[in-house]
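Here is the structure we will look at, set down as structure tokens.
The values are calculated or read from the model by the stated rules, or taken from the named source; none is laboratory data. Everything quoted here is computed from the prediction, not taken from an experiment. So basically every Cβ, Gly included, is an ideal-geometry build from the backbone, and we count neighbours across all protein chains shown. Accessible surface areas use protein heavy atoms only, side chains included; no ligands, DNA or RNA. Shrake-Rupley method; radii C 1.70, N 1.55, O 1.52, S 1.80 Å.
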Amino acid sequence: MCIELAQILGSEIISADSRQFFQELKIGAATPTAVQLNTIPHHFIGHLSVRDSYNVCAYADDVLNFLEGFFPQKQFCLMTGGSGLYVHSVCHGIDLLPDPDLELRDNLKLKLDSEGIESLRQELMLLDPVFYDEVDLHNPARLIRAIEVCLQSGKPYSELRHQEATERPFRILKIGLKREREELFERINQRVDVMITNGLVEEARGLIEFRGQPSLKTLGYREIFEYLDGDCSLDEAIYKIKANTRHYAKRQMTWFRKDQDMIWFHPDDKQGILDTIRAFLD
RNA sequence: GGUGUCGUAGCUCAGCUGGUAGAGCAACGGACUGAAAAUCCGUGUGUCACUGGUUCAACUCCAGUCGACACCA
């Protein structure tokens, strides 16, 4: 779909898919095929290994650097993607915060496991009472990240977090794709079945040693790891991948739906999308 | 044909001795600033198979009907 548009418009493609970055994740991340990748120049696909640690901020920097060299030559570029926060970081920026310290993060996780979430809440309340009042106190990931930033920077997280949109030296057109639920679910089921046929189980088996990496805390691989551990049958794993993919698709919709700039189309409405892009470029 | 068990939410099932139902999963809605395909929050959506009966009151007790399963012929 996107490749077809890129062909018609003579564009290149930037991926904002936080899993297609990793070269080892092919089947499970539904990475475009070699043929597709050769048809149109793609960027930020397979540029990392699952051993690498990467994050939104690094991604935003990389994309902006790339675009700095790209835009003098070309008029525009398509960006596609799944990961709302990653799209946001490129379009509107992301605050300058210390990079995660993985050792510190592990320690905080240990604290969570041994002393419970209340201990994280108490710690955050002392470090940053302002953020404590805003944060989702049930969400360990949020608590841990905030504590990390406080400890690493010596300042309250809330002081470093401005969440203001940054002006970009380029114009942005946002196009959202939306299908009827029933149709979407049908396609999800097919997609998962195809992954299995294409060898997802073998791909996952080959990556099981990296299962602790953030890059493999990924839909599709986790469920297959469970199967390989003998904790469920293959059918159960497939069922879970389908269910979790539905949940993920729903979360994407929730994220993008609240974006006022988004213009929505049915994916089959190629003409409508093309017209909108051309009008934007004129 | 006979006997027995069962029929409750989309699915799997709870529901004690009668007071018009509740869990898990699914579904639906939401949050989200370096884990984001991650992490977390909220919502029960129901002719309790059907028809009668007993009762102030039936998912619950009784009878019949239909359906599923098991065993016996």
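Listed values, structure above:
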| read-out | value |
| --- | --- |
| Options A:SER233, A:GLY220, A:GLY206, ranked by Cα towards positive dipole end of the stretch A:198-245, top entry (Cβ charges) | A:GLY220 |
| Global size of chain A as Cα Rg and Dmax, reported in angstrom | 20.5, 60 |
| Qualifying chymotrypsin sites (Phe, Trp or Tyr not before Pro) in the stretch A:145-226, DSSP loop, other Cβ atoms within 10 Å at most 16 | A:PHE170 |
| Between the stretch A:78-155 and the stretch A:190-224, the alpha-carbon center distance in angstrom | 27 |
| Peptide ranges A:256-266, A:123-133 listed from the most packed, as the mean C-beta count within 10 angstrom indicates | A:123-133, A:256-266 |
| Carbon and sulfur %, accessible surface of chain A computed with the full protein complex present, 1.4 Å | 50 |
| Mean-position separation - Cα centroids, the stretch A:1-54 and the stretch A:266-282, in angstrom | 22 |
| Of the trypsin sites (Lys or Arg not before Pro) in the stretch A:160-198, those whose Cβ has at most 11 other Cβ within 10 Å and which sit in DSSP loop | A:ARG171 |
| Dipole magnitude of the stretch A:109-235, debye to nearest 20 (Cβ charges: Lys/Arg +1, Asp/Glu -1, about Cα centre) | 620 |
| Net dipole in debye of the stretch A:1-139 [+1 Lys, Arg Cβ; -1 Asp, Glu Cβ; about Cα centre; nearest 20] | 700 |
| Helix-derived mean residue ellipticity, 222 nm - over chain A, DSSP H n ≥ 4, -39500 (n - 2.57), to 500 | -16500 deg cm²/dmol |
| For chain A, built as a Gaussian network whose Cα springs stay under 10 Å, the top-fluctuating residue of A:ALA204, A:ALA243, A:ALA29 | A:ALA243 |
| Probe 1.4 Å, protein heavy atoms only - accessible area per residue of the stretch A:117-176 in square angstrom | 60 |
| Listed residue (A:GLN260, A:HIS43, A:ILE94) projecting farthest to the positive dipole end of chain A, Cβ model | A:GLN260 |
| Kyte-Doolittle mean at least 0.5, axial Cα span of 18 Å or more - DSSP H helices of chain A | A:56-70, A:140-153 |
| Environment charge at A:GLU134 (Cβ cut-off 12 Å; Lys +1, Arg +1, Asp -1, Glu -1) | -1 |
| Computed magnitude of the charge dipole of chain A (debye, nearest 20; Cβ of K, R +1, Cβ of D, E -1) | 580 |
| Under 14 Å between alpha carbons - lysine pairs in chain A that sit 8 or more apart or on different chains | 6 |
| Cβ-defined net charge surrounding A:GLN122, 13 Å radius [Lys, Arg +1; Asp, Glu -1] | -2 |
